[in-house]
Structures are given as C-alpha cells and as structure tokens.
Amino acid sequence: MTITDTLDLEARAHSEHAQELRLWLRLLTCSQLIEKRVRAGLREQFDTTLPRFDLMAQLERHPEGLKMKELSRRLMVTGGNVTGITDQLVTEGLVERMSVEGDRRAFLVRLTPSGREAFEHMAVQHEQWIVEAFEGMNAKDLDSLHRLLGKVKQHQLDINQRIVTDAE
C-alpha cells in the first residue's frame, strides 16, 4: 500500500472543522472505498464496468424494457452515455433494442436471456461485496446506521422540497 492509498477525502478534515463536515467526508470516503472494491471486482471477475452493471440492473427491474430516455434519467447520465453503453451491450448480445410503436425516434431496451443470466451472476457477487463491506458491524449497529442515515435522507428531502417550493 502506498501513501496515496491511505489518503482519502476524510484526510481533508481537521478537528476544528464542524463535526457535520467531518461526518460528510467520512460518508463520502466509505462510499468511495466500497465503490472502488465493486469496480475492481466487476472488472476482474466479469470484465465489465460499474456503469454497464448499473444499466443492466435497471433493465433487470423492468423485464418489459425501458426507453433510452428513461434509462438516462434513472442512471442520471446523458443520453450519449446510455447510447454508448447500450451499443456495447447490444454487440455482446446482452441487451436488445426494440422500436417503440408510434414513436419512430424512441427505442426500448431490454435484457436478452443471456444478458439476464449474466446479470444474475454479477448481482449475486455484487451483493456479496456489499455484505463484506459491512462485516465489521453487528446487526444492531447496522440497524442503527440505517435508521440514522434515514433521518439524514428525510431531512435532506425536506430541505430540497422547500428549495423547490421557494423557487416556484
């Protein structure tokens, strides 16, 4: 391990910073460390990327398929990003594009049977990596962390709603 491996976002915080800022940086660091493990695992074990996995995960939840625009919205990326990933997956036979009746410009994308099978293998391993990430915590700690982060999430949703309401 090199010195750069041990530095992370949390290293930016000092004891004089607000506790909330230090907590935020710790959350980001944990998220990035877990994501780094998942990205490496997907690359090493399945020769794929996290964006490809995420796109396939969206399609797995919608066996009937999704429009490209909806995929972009759900993945929070541009249409060009979704098109590039979809093109790769079509070439590999993992997803298929279908025309949308009544809309010549729109395409529906869905997993092929081999795409569904490939995704199922990846999803099982992905879940295992996430479980491993939290192995250092007992069930009570996990429940507490989940509940506390739920409070943070709800508070932020409330703030965001107020911002939207005030802007209108």
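Each Lys or Arg adds one and each Asp or Glu takes one away; over the other residues whose Cβ falls under 15 Å from the Cβ of R61, this sums to -1.
Between I159 and R61, the distance separating the two model label sites (each 7 Å from Cα on the Cα→Cβ line) works out to 2.4 nm. Note on exposure: D166, D87 ranked by accessible area (1.4 Å probe, complete protein assembly) read D166, D87, with the most exposed listed first.
Per residue, the chain exposes 73 Å² of accessible surface when a 1.4 Å probe is rolled over the protein heavy atoms with every protein chain present.
Near V100, the amide H atoms lying under 5 Å from its own belong to A106, L108; only residues 5 or more places off or on other chains count, and H is placed 1.01 Å from N.
Lysine pairs in the range 30-168 whose alpha-carbon atoms fall under 30 angstrom of each other, counting only those eight or more residues apart or on distinct chains, come to 9.
For mean projected area of the Cα convex hull in nm², the candidate list reads (i) 14.5; (ii) 9.7; (iii) 13.2; the entry that matches the value derived from this model is (i). Our estimate of slack between R37 and L75, defined as 0.36 nm per intervening residue step minus the Cα-Cα distance, is 11.7 nm. Report the residue, chosen from H62, H17, H126, that carries the largest GNM mean-square fluctuation when the chain is represented by alpha-carbon nodes joined by springs under 10 Å. Comparing H62, H17, H126 in a Gaussian network model of the chain, the most mobile one is H17. With the whole protein complex present, M137 retains an accessible surface near 60 Å², based on a 1.4 Å probe.
The range 118-138 and the range 12-50 have Cα centres spaced 16 Å apart.
Residue-wise HN-Hα couplings along the range 153-159, as the Karplus relation 6.51 cos²θ - 1.76 cosθ + 1.60 with θ = phi - 60° gives them from phi, are 4, 5, 4, 5, 4, 5, 4 Hz; Gly and Pro carry x.
For the range 76-90, backbone phi angles converted through the Karplus equation (6.51, -1.76, 1.60; θ = phi - 60°) give residue-by-residue couplings of 6, 9, 6, x, x, 4, 5, 4, x, 5, 4, 4, 4, 5, 5 Hz, Gly and Pro being listed as x. Couplings 3J(HN,Hα) for the range 110-123, derived from phi with the Karplus relation 6.51 cos²θ - 1.76 cosθ + 1.60 (θ = phi - 60°), are 8, 5, 7, x, 5, x, 5, 5, 4, 5, 4, 5, 5, 5 Hz, where x marks Gly and Pro. Here the extension length gained between A133 and T49 equals 28.3 nm, from 0.36 nm per residue of separation less the Cα-Cα distance.
For the chain, a Gaussian network of Cα nodes joined below 10 Å ranks R97, R105, R26 by mean-square fluctuation, and the top entry is R105. Among the protein heavy atoms of the range 25-107, carbon and sulfur supply 52% of the accessible surface, probe 1.4 Å, non-protein parts ignored.
The values are calculated or read from the model by the stated rules, or taken from the named source; none is laboratory data. Here the structure is a predicted model, which means the values were calculated and not measured. No Cβ is skipped: glycine too gets one built from the backbone with ideal geometry, and neighbour counts run over all protein chains shown. For the accessible areas, the whole protein counts, side chains as well, though only heavy atoms, and no ligand, DNA or RNA atoms are used. Shrake-Rupley method; radii C 1.70, N 1.55, O 1.52, S 1.80 Å.
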